[in-house]
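J.: Below is the structure I would like to discuss, written out as C-alpha cells.
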Amino acid sequence: MQVDVLREKFLEFFKSKGHKIVESDSLVPKDDPTVLFTPAGMNQFKREFLGFDAGFKRAATSQRCLRTDDLEKVGKTSSHHTFFEMLGNFSFGDYFKKEAISWAWEFLTKELKIKEEKLWVSVYKDDDEAYEIWKDSIAIPEGKIIKLGDKDNFWPAEAKTKGPNGPCGPCSEIFYDFGPDVGCTEKGCNPSCSCGRFVEIWNLVFTQFNRKEDGRLEPLPNKNIDTGMGLERLSAVMEGKQNNFETELFQPIIKKIVREIEGQRPFEKRSLSPLFYAIADHIRAVVFSIYDGIIPSNEGRGYVVRKIIRKSILHLRALGISKPFLNKLTFVVAEVMRKPYPDLKERQEAIALMVLNEERNFINTLNSTEALFKEKFSGIGSKADKVKAGRIAFELYDTYGIPLDLTREWLSSEGIDFSEEAFNEELNLQKERSRAKSTMKGDVFDAKGLRLKLKETKFLGYKECCIEARIEAILNNGKEVEEGFAGEKLEIVLNQSCFYPESGGQVGDTGEIVKGDSIFEVTDTQKTDNLILHIGSVKSGGFRKGETITAKINAKRRLSISRNHTATHILQAALRKVLGPHVQQQGSLVGEEKFRFDFTHFKGLSKEELGIVEDTANEYARGRHRVEVKDMALKDAKKTKALAFFGEKYGENVRVVSVGDISMEFCAGAHLENTEEVGLIKIIQEGSVASGIRRIEGVTAGYAEKFIKEEKLKVEQENKRKQELALLKKKEKEEGVKVNKALQELAPKIADKAIKINDINFIAWQLEGLDMNALRTLMDLVKEKAASSVIVLGSKVQERAFLVIAVTGDLLAQGIDALSLIKKSAPIIGGSGGGRKDFAQAGGSKPENFALAFEELKGIIKNLKREDK
C-alpha cells in the first residue's frame, strides 16, 4: 500500500465520522511558548481543548512534527526519527473513550485489514473503563490487554507527581506484533518488553483530568480525545517491514546515497550502516524545517537545523562523500512528498540552495581546521590547563561543528593533553539548555488568548475607512470592564471594524473611535482569538460596553501602508526576474514611511544588480497594472501557482492578490487598486539578515521623493565640503610655500647668531606664531647651516610654548644629549618633553619663560664634561 493512500485513508475515514479535516500546522508553533518545534498533532488545538469554539468539535490531521530529544538514537534504531508525520483524531468535549477505541479498532482491522490476532493493547493500570471497553465491546482477549503505569500510559508521564498543571489523563496504546520469532523469543514476551517484537502504532489519550497546583486531579467538565499514530511506523507495518527506514518513505533517499558512493568506489549493499538511515531521516527534517521558514543560524530553532545539517555532512564524510551532496537529496524528498506537499516541488530549488550554502561553509571549516586549531589552542602547551583545553574542544564542537575525534587527533599530534571530562560537562550543560528550550515550559496548555466568549470581529476595512459599530468588550490591563474614561489606556473589541490588525508583516491601523464628544485614540490594532483589539487611550469623555460608536482609521496613513504593501509584491516580482525563481519571501515589515523585504539569495547584490531591480520595479509600477483580489478555497488557490510565504499556515479560504500578470501571491493585507498609485519606488538599503537571507529596505511616492532630495542635498553638501577642503588645502599649500620660503631665508641668520660656550656653538632663538611642524622644519634648515652646535628654538603660539633642541652628530658622539637637555629645560616653560638623543621637543604653558630656559641650557653646557676632554 502506498503511504499516500494510507494517509488519505485515515483522513477520509475520520471525515466519515464527522471530523473536520484540518491542514497540518507549521513546525513553528504559533503563539505557543511551551515548545520549540511542533512535537505532536494536538499542539495546534490547544485553544480548542481549553474550550475555544473554532466551529468544530471533532478534527483529524496528518501533522508534520519534529523532535530532537533522541537525536543520537536516530538511525541506530528502527523507529526513532527527528521529522515524522503524526496521524491524529481529536474530540473537544464531544465523544470519549468508547468511540475513540472502537473507531481506532475499526480503522486498523476493517479499513486497513490488519489481522486482529496481530494486535495487542495496553491501558493505564487504574483505567477500568478503557479496560472494559477493550474486553467487552471490542472483545480482545484479556491476555492481550496489559496494564501499564504512569511512565507508559499516562499523559504527561509525570503529571501526577511533578506536573505540569492542566489537562491530563490516561492513555491506551495499540501495538503490532511481529511474531514470536522476532526479538527476545521469550514465551511471556508482551508489549512491555523492548525487544522489538512489538511496535506501538497508535496512542489514544483520554484527557479527563485537570491537574491543580497542589497536585490534585479534578475531573474535567468536558473530556477530550487526543490520539497520535506515526505514519512511518504504520507504513512499515503495512509494507511488512520491521524497520521504518526500509519503507518507501526512506528508500529513495537511501538509494540516492548508495548510487553516489557506488560512483566513487566498490560498495557492498547487503548491510547498510546506521549512517544511511540517519542521513535519510535528517534531510527530511532539514527540508521541512526550511519549508516552514526556519533558517539555519546560530540560535534557537535555526541552531537545531544547522546542527542537523552538520551531523549529516559528518555522516556523509564517514561514508566517503566529502563534497557537497546533501543538497541533492532535497529533490528526492520533494519527489517522495509531492502528493501531500505539491508546493514543496516548487520550493525545492530554493531549499536546496540554502542547504548547499550551509554545506559549503561547513566543509570549508572542516578543511581549514589546522588554522582554527592553532588559533584556538595558541599559548596552550603540553602542561597547560587540561580543563581549559577541554572547554575549547567543546567550543569547537558546539560553535563550529568540529567533531571531538578530529580535535583529539590534532591535540595528540601536538602533545597537548585535554580533559574529556570537562568537554562532557560542557556538553551536558548544553543538552540541558537545549532540553529546557525544546520541552514544555509551565502549564501544558499555556496558550495565549483572551478567552472572551465573543463572536469573531467582522473586518470591513478592505473597502471602508469609517463605519458604525458596537462595543462588545472593554479591557483594562487585560481585565474585562464595563466602561472606561478619559486618561485610561484600554483595549476595545467591536462587533465589526475597519481597523486592520497587525499581521502578515503589515502594521496595525491607527485612528479614532468616536461617540459624540468622547474620543478614543487608537494607536495600534492587534488580533487575538479572531477578535480585533483596538489599543489606545481615552482622550475625552468615556465609553461603555454595548454602545454604538463611529470607528474611523487614519486614511492617509493607510494609503501609505497600502502603497508600500503593493510595492513589496512588485519588488518580489522584480527580484525573481533579475536574480531568478529561487527568490522567495522570508519576511516583511510594511509600515507607513517605508517597507522591509527579506528574501532567499546567497550573496549580496551588486550596485548594478540593485539598479536593475529598482528599474524593473519602477517599470512595473508605471505599467498601470490593475491590482485584483480574489477570495478562494486554499486547494483552488494552490492550483493557480500563487506565491505563498514560507512557514505561513493558511486556512481553508485564502485571499489571492494579483498585480497584473507580473505577480500573484497569497496575501491578506491592504493594497492599492492600480500600480500607478505606488509612485516612485526607491531602494534605500540592502544587506544580510542570516546565511542565505538578504534584506531590502525601500520607500515609495512622497517618501521616496523626500529621500532622493535628502540624498541630493547630502551629495551637494559633501561636494561643497570637498570644494571648501580643496580650497583650504590650496591656501594652506600656498601659505606653506610662503612660510617655507621665509624659513629658508631665516635659517642662515639664526645660524650666524651662534655663541661659543665651553668650545661648543650654542644657538638659541625665540619666534612668534610657528607651530611645532614649522619649528621642526626650521630646525632642519638651521642644522644644515650650523656645524658642531647645540641648537635651541622656541615659539609662542597664543598662550602655548613650543621648544625644540637639536645636537649635531659630532657633539652627539661626545656624549651631548638633546633628550637630556629637553627634560631639564621643559619644566621651566611649564611642560614636559621627549624624543631622541639627536633631537627632542617639548610643549608647555609658559612661553614667557623662554629666556629663563635658554639661560638654564647655557649653564648646563658651560658645566658639561665632554667625553673627548
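J.: Carbon and sulfur atoms: what percent of the 1.4 Å accessible area of the chain do they account for? Present the calculation step by step, with values, prior to reporting the outcome.
T.: Working: 19600 of 41620 Å².
The C+S portion of the solvent-accessible surface of the chain is 47 percent.
J.: Given the -39500 (n - 2.57) contribution per DSSP H run of 4+ residues, what per-residue ellipticity at 222 nm results for the chain, rounded to the nearest 500 deg cm²/dmol?
T.: Numbers: 23 runs with 322 residues, N = 869.
Value at 222 nm, helices only: -12000 deg cm²/dmol.
J.: Which one, ASN190, VAL355, THR777, is farthest towards the positive end of the dipole of the chain when Lys and Arg carry +1 and Asp and Glu -1 on their Cβ?
T.: THR777
J.: Continuing with this model, one more query. Over the range 220-335, average the accessible area per residue using a 1.4 Å probe and give it in Å², no decimals. Provide the component values of the computation, followed by the final result.
T.: Working: 4350 Å² over 116 residues.
Per residue, the range 220-335 has 37 Å² of solvent-accessible surface.
J.: Packing-wise, with mean Cβ within 10 Å as the measure, how do 791-802, 362-373 rank, highest first? Spell out each step's value before the answer.
T.: Values: 791-802: 19.8, 362-373: 14.6.
So the peptides 791-802, 362-373, ranked by packing, come out 791-802, 362-373.
J.: Next question. Under a point-charge model restricted to the Cβ atoms of Lys and Arg (+1) and Asp and Glu (-1), what is the dipole moment magnitude of the chain relative to its Cα centre, in debye to the nearest 20? Write down the numbers at each step before the final one.
T.: Working: 136 positive and 132 negative charges, 414 e Å.
Result for the chain is approximately 1980 debye, rounded to the nearest 20.
J.: Just one of [x] 305; [y] 193; [z] 284 is volume of the Cα convex hull per residue in Å³ as worked out from the coordinates here. Which one is it?
T.: Among [x] 305; [y] 193; [z] 284, the one derived from this structure is [z].
J.: Is the shape of the range 1-84 best called rounded, prolate or oblate, per the rule: a/c under 1.5 gives rounded, else a/b larger than b/c gives prolate, else oblate, with a ≥ b ≥ c the square roots of the Cα gyration tensor eigenvalues?
T.: Details: a/c = 3.06, a/b = 1.23, b/c = 2.48.
Oblate.
J.: Which residue, CYS667, ILE683, ASN653, has the largest displacement toward the positive end of the dipole of the range 652-735 when charges sit on each Cβ (Lys, Arg +1; Asp, Glu -1)?
T.: Most positive-ward Cα: ILE683.
J.: Among GLY415, GLY692, PHE331, whose Cα lies farthest out toward the positive end of the dipole of the chain, if unit charges sit on the beta carbon of Lys, Arg (+1) and Asp, Glu (-1)?
T.: Farthest towards the positive end: GLY415.
J.: Given 20 °C and 1.002 mPa s, compute D for the range 199-313 with the Stokes-Einstein relation, Rh being the Kirkwood radius over Cα pairs; round to the nearest whole µm²/s.
T.: Answer from the Stokes-Einstein relation: 121 µm²/s.
J.: One quarter of the convex hull surface, Cα atoms only: what value does that give for the range 600-689 in nm²? Don't jump to the answer; show the numbers that get you there.
T.: Values: hull surface 27.8 nm².
Over every viewing direction, the Cα hull of the range 600-689 projects on average to 6.9 nm².
J.: Continuing with this model, one more query. By how many degrees, 0 to 90 and rounded to 10, does the Cα axis of helix 386-400 deviate from the longest principal axis of the chain?
T.: Approximately 70 degrees, to the nearest ten.
J.: What do you get for the angle between helix 850-862 and the principal long axis of the chain? Use alpha-carbon atoms, 0 to 90 degrees, nearest ten.
T.: On a 0 to 90 degree scale, this one is about 70.
J.: Residue-wise, which Karplus ³J(HN,Hα) couplings in Hz belong to the range 758-768, taking 6.51 cos²θ - 1.76 cosθ + 1.60, θ = phi - 60°, and x for glycine or proline?
T.: Values per residue, Gly and Pro as x: 6, 6, 10, 6, 10, 10, 9, 8, 10, 10, 10 Hz.
J.: Here are some pairs, LYS328/LYS431; LYS603/LYS709; LYS345/LYS639; LYS489/LYS545; which of them have Cα atoms lying more than 19 Å apart in this structure? Don't jump to the answer; show the numbers that get you there.
T.: Details: LYS328/LYS431 30 Å; LYS603/LYS709 30 Å; LYS345/LYS639 13 Å; LYS489/LYS545 15 Å.
Exceeds cut-off: LYS328/LYS431; LYS603/LYS709.
J.: Next up: For the range 747-819 and the range 580-596, what is the centre-to-centre distance using only Cα atoms, to the nearest Å?
T.: If you average the Cα positions of each part, the centres end up 69 Å apart.
J.: Need one number: the % of Cα-Cα pairs in the range 270-414 sitting beyond the 24 Å mark.
T.: On the way: 4089 of 10440 pairs.
Every Cα pair in the range 270-414 considered, those over 24 Å come to 39 percent.
J.: Could you tell me the number of lysine pairs in the range 1-105 with C-alpha atoms less than 14 Å from each other, where the two lysines are 8 or more residues apart or belong to different chains?
T.: Details: LYS9/LYS17; LYS15/LYS57; LYS17/LYS57; LYS17/LYS98; LYS20/LYS57; LYS30/LYS46; LYS46/LYS57.
Lysine pairs meeting the criterion: 7.
J.: How would you order 705-716, 624-635, 485-496, 200-211 from highest to lowest mean count of nearby Cβ atoms within 10 Å?
T.: Numbers: 705-716: 11.8, 624-635: 13.9, 485-496: 17.8, 200-211: 22.3.
Highest to lowest by the protection proxy: 200-211, 485-496, 624-635, 705-716.
J.: On a 0 to 90° scale, report how tilted helix 404-414 is relative to the longest principal axis of the chain, with both axes built from alpha carbons and the result rounded to the nearest 10.
T.: Once rounded, the angle reads 30 degrees.
J.: Based on the mean of other Cβ atoms within 10 Å per residue, sort peptides 673-681, 809-817 so the most packed one is first. Each step should come with its number before you reach the end.
T.: Working: 673-681: 20.1, 809-817: 15.6.
Per-residue Cβ counts within 10 Å, averaged per peptide and sorted highest first, yield 673-681, 809-817.
J.: Across the range 652-667, in residue order, what do the Karplus-derived ³J(HN,Hα) couplings come to in whole Hz, using 6.51 cos²θ - 1.76 cosθ + 1.60 with θ = phi - 60° and x for Gly and Pro?
T.: 5, 10, 10, 9, 10, 9, 10, 10, x, 10, 9, 8, 8, 9, 5, 6
J.: Send over a whole-number figure in Å² for the accessible area per residue of the range 354-394, probe 1.4 Å. Don't skip to the answer; put the middle values down first.
T.: Details: 2130 Å² over 41 residues.
Here the per-residue accessible area is 52 Å².
The values are calculated or read from the model by the stated rules, or taken from the named source; none is laboratory data. This one's a predicted model, so the numbers in the text were calculated from it and none came from an experiment. Neighbour counts are summed over all protein chains in view; Cβ atoms, including those assigned to glycine, are modelled from backbone coordinates with ideal geometry. Calculation scope for accessible area: heavy atoms of the full protein, side chains included, ligands and nucleic acids excluded. Shrake-Rupley method; radii C 1.70, N 1.55, O 1.52, S 1.80 Å.
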